[in-house]
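All remarks here apply to the structure that follows.
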Amino acid sequence: MDTRADTYLGYRHMAAEPRPVAVTRWSAQLADPQVEQDFRIDRFAEDRRRVMLLLLLASAVSAFNFGFQFHEFWTRGGVVVSLIPAAAPVFLPLIAFGIVSRVRRPGLLEALMAVFIVVGMVSRMTIMTVYPVTAFLWPTLIVSIVFIIYVYLPIRFFVAAALAAAFSVVAPAWWFFVAGTTLPLEQMLRASVWLVFANALGFLAANSIQRAQRERYAQSLLLKELLSTDAMTGIGNRRRFDDALEREWRRCSRSGKPLSLLMIDVDHFKAYNDHHGHLQGDECLRQVAKLLVESVGRPADLVARYGGEEFVCLLPEIAEEGARAVAAKCMMAIARAAIPHAGLPAAAKLTISIGAATGHEVALHSPGALVALADKLLYCAKRAGRDQVVTGVL
């Protein structure tokens, strides 16, 4: 049995009153941990591209600096080993580029960012130790790296704050230790003030940017929920079903697992509407929708209104016997509800008919073929006298 929970706002079964997910003020995260994870997955491809671009830029800048060091080595002579500190910042970003290009998870990308910052800091500090004449450039470089950590790297806000704080302590300490005896006190104080200012500004900017990104994501989920929810019944509409069918079809095609679909129709609903009126008819459909959702046991399954008095139930990784069992459970729930149908003789109760279609090798077919088969089986159930299930395999 598949126990995957589809907890995106856009894919919850019933949401009569969709609510946006809050964004925490100081940690700048979505309050729902699962939605926060979904947000990071949604941005992963863009974040990885941004990191790869930064690594290429860092390598290019280091190559420019290495050119000067090599020119000095070539004209004045020296030991080849002395070029290693200048060459390392050229190749380390390229190695990191290759590693990042293979990363597939946002959590791993964030962890690599922390490692790269440490490696980059150590390599830069080593260069400063080997070439003390560059010490005057380090206040600018340290401030720049603080801003990159806060604003550019794809890491969560509290991780960025922790890394920037650690870097702001270690880097100046190293700088003062290496070049403190040759630096004027005024320059050291000015660098410290700029570093504090950079951390304060970076902290506020990163908090604002990350909160804004998550607020836009939460708003997009709310809009998606509104656009994919049937206004009358509160369950998914045809649009949500079409999206879910395409998604599950691709997933089952890759995994080789079956995919089942129940096409459900309320029997003699026109007569029900004619006798009880449209308002009562709408209430009847809401009750049927609620019973169908309650009859489906797995969060990954989707119940949606297909149109009119027709409903669909999408059952990923469920074979024919499982689909038959779910269909029987749905029919039993409707029967137990004993909804009166005064539009029929002999004090009849409301019933449903179901066409249950299952695709085993879905990669060989199209999603429309499964829908067509389910619709055909539903028609067979209607012709056979209604209030029954007809199953079939694609």
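The values are calculated or read from the model by the stated rules, or taken from the named source; none is laboratory data. This structure is a prediction, so every number in the text was calculated from the model and none was measured. A quick note on method: Cβ atoms are made from the backbone with ideal geometry, for glycine too, and the neighbour counts reach across all protein chains shown.
Every residue, every condition in (1) at pLDDT below 95; (2) on the phi > 0 side of the Ramachandran plot; (3) among the basic types (Lys, Arg); (4) not in a strand (DSSP E or B), yes or no:
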| site | (1), (2), (3), (4) |
| --- | --- |
| VAL312 | no, no, no, no |
| ILE318 | yes, no, no, yes |
| ALA335 | yes, no, no, yes |
| GLY343 | yes, no, no, yes |
| ALA346 | yes, yes, no, yes |
| SER353 | no, no, no, no |
| ALA363 | yes, no, no, yes |
| LEU377 | no, no, no, yes |
Unmet criterion (only one of (1) buried (at least 16 other Cβ atoms within 10 Å of the Cβ); (2) closer than 20 Å to GLU246 by Cα; (3) of a type in the set (Asp, Glu)) for GLU309: (2)
Cβ-Cβ below 6 Å, separation at least six or inter-chain, first residue in region 376-394 and among the polar types (S, T, N, Q), second crowded, with 20+ Cβ neighbours inside 10 Å: which pairs? GLN388/ALA381; THR391/ALA356
Among (1) assigned to a helix (DSSP H, G or I); (2) of a type in the set (Gly, Ala, Ser); (3) touching a strand residue (DSSP E or B) at 6+ places or on another chain (Cβ under 7 Å), which single condition is SER260 missing? (1)
When the residues of region 226-245 are filtered to those that are touching a helix residue (DSSP H, G or I) at 6+ places or on another chain (Cβ under 6 Å) and modelled with pLDDT of 90 or more, which remaining residue is surrounded by the fewest Cβ atoms within 10 Å (Cβ to Cβ)? MET232
Name the residue, out of ALA212, ALA191, ALA162, that is of a type outside the set (Lys, Arg), surrounded by 17 or more Cβ atoms within 10 Å (Cβ to Cβ) and at negative phi. ALA191
Residue in region 291-303 that is more than 26 Å from GLY392 (Cα to Cα), among the β-branched types (Val, Ile, Thr) and either out of contact with any helix residue (DSSP H, G or I) (no Cβ under 7 Å at 6 or more places or on another chain) or surrounded by 15 or more Cβ atoms within 10 Å (Cβ to Cβ) (or both) present: no
